[in-house]
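Asks: Let me begin by handing over the structure; questions about it come next.
The values are calculated or read from the model by the stated rules, or taken from the named source; none is laboratory data. Note that the structure is predicted; figures quoted are calculated from it, not measured. Cβ coordinates were reconstructed from backbone atoms using ideal geometry, including for glycine residues, and neighbour counts include every protein chain displayed. Only protein heavy atoms, including side chains, enter the accessible area calculation; ligands, DNA and RNA are left aside. Shrake-Rupley method; radii C 1.70, N 1.55, O 1.52, S 1.80 Å.
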Amino acid sequence: MVRIPDAKVALSTASVYPESTATAFEIAARLGYDGVEVMVWTDPVSQDMEALRRLSDYHRIPILAVHAPCLLITQRVWSTDPWTKLQRAQAAAEKLGAGTVVVHPPFRWQRQYARDFVEGIWRMANETDVRFAVENMYPWRYRDREMLAYAPDWDVTNDDYRHFTIDLSHTATARSDALQMVDRMGDRLGHVHLADGRGSAKDEHLVPGRGTQPCAEVLERLALTGFDGHVVIEVNTRRAMSSAEREADLAEALAFTRLHLASAVKVPRP
């Protein structure tokens, strides 16, 4: 007998790129995901709370998390001010019933934002029931050179946050030990971006099981420790030759995740 843990498995809308946010809801519902994480980016639907609510209602699939617009390509999405972006992400999460806002640490050139970031995240977290889960990043590399692009640190466990997101593609790019990072995060780990990687300088976001990261071991550890946050499939399917191939990758990722979450928690027969 196997006890399935409480953690829900969601699909990041980024996982269907270059298809749309709306397509992500359709695929998540068809494949049986427990919900979606909305990546707020240049797709206008991802920025429109009423459109997202209608998609959620139509496909009968909840929005479990909102990923704030922290990427280089979203510098002008929801204002150019990073705190305004987080305020709008919080408001979106509250309006849509999402329990988590995912946020990256600042870029180093965002000096004032970086200087106040840790304290500011605590201040915002104290004003809402929504979790602000700060995500581990990685050094930028080019040939034999390394650039520290994030501040206070790409390794978010070096700073004091209430909640963390661990991203296993990012641990691959950083060439850090994912299991040790899970241990350092401890009970403050509230959110998981599940993907794989092979240690490339590029952030690969492979389907779990296709790289070198301990994806199965991390899932099994989460199950054994009673993790009740969200496990979000955030993979790169841009090279899929068709919609059917993309959907097959996302089905494989879901099956992998559910298998390893369940296999670790066995209930003895009476």
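Asks: Check the range 190-197 and report whether any residue there is in a strand (DSSP E or B) and either among the β-branched types (V, I, T) or surrounded by fewer than 22 Cβ atoms within 10 Å (Cβ to Cβ) (or both). Walk me through it before giving the result.
Replies: Step one: of the range 190-197, the residues in a strand (DSSP E or B) are 190-194, 196.
Pick out the ones that are also either among the β-branched types (V, I, T) or surrounded by fewer than 22 Cβ atoms within 10 Å (Cβ to Cβ) (or both) and you get 192.
The answer is yes; a qualifying residue exists.
Asks: I'd like the residue in the range 188-212 that is at pLDDT below 95, over 15 Å from the mean Cα position of the chain (by Cα) and not basic (K, R) and, out of all such residues, is farthest from A253 (Cα to Cα).
Replies: The initial filter retains those residues of the range 188-212 that are at pLDDT below 95, namely 199-203.
Adding the requirement that they be over 15 Å from the mean Cα position of the chain (by Cα) leaves 199-202.
Next cut, not basic (K, R) only: 199-201.
On the way: G199: 19, S200: 20, A201: 23 Å.
Residue satisfying both the conditions and the ranking: A201.
Asks: So, one more: Show the residue pairs that are 6+ apart or on different chains and have beta-carbon atoms under 8 Å apart, the first residue being within the range 231-250 and closer than 25 Å to L219 by Cβ, the second being of a type in the set (K, R) and open to solvent by 60 Å² or more (accessible area, probe 1.4 Å).
Replies: Taking only residues 6 or more apart or on different chains, the pairs are V231/K8; E247/R30.
Asks: May I pose another question? Within the range 105-114, track down each residue that is in a loop (DSSP other than H, G, I, E, B) and surrounded by fewer than 17 Cβ atoms within 10 Å (Cβ to Cβ).
Replies: R108, W109, Q110
Asks: Quick one: count up the residues across the range 212-232 that are open to solvent by less than 20 Å² (accessible area, probe 1.4 Å), β-branched (V, I, T) and out of contact with any His (no Cβ under 8 Å at 6 or more places or on another chain).
Replies: Here the count works out to 2.
Asks: Pairs under 7 Å by beta carbon, first residue under 24 Å from V192 (Cβ atoms) in the range 116-132, partner β-branched (V, I, T) and in a helix (DSSP H, G or I), six or more apart or different chains?
Replies: Within 7 Å, the pairs are F132/I121.
Asks: Just to be sure before I move on: is R239 among the basic types (K, R) and part of a helix (DSSP H, G or I) in the structure I sent?
Replies: no
Asks: Taking the residues in the range 213-231 that are part of a helix (DSSP H, G or I) and among the small types (G, A, S) as candidates, determine which candidate is modelled with the highest pLDDT.
Replies: A216
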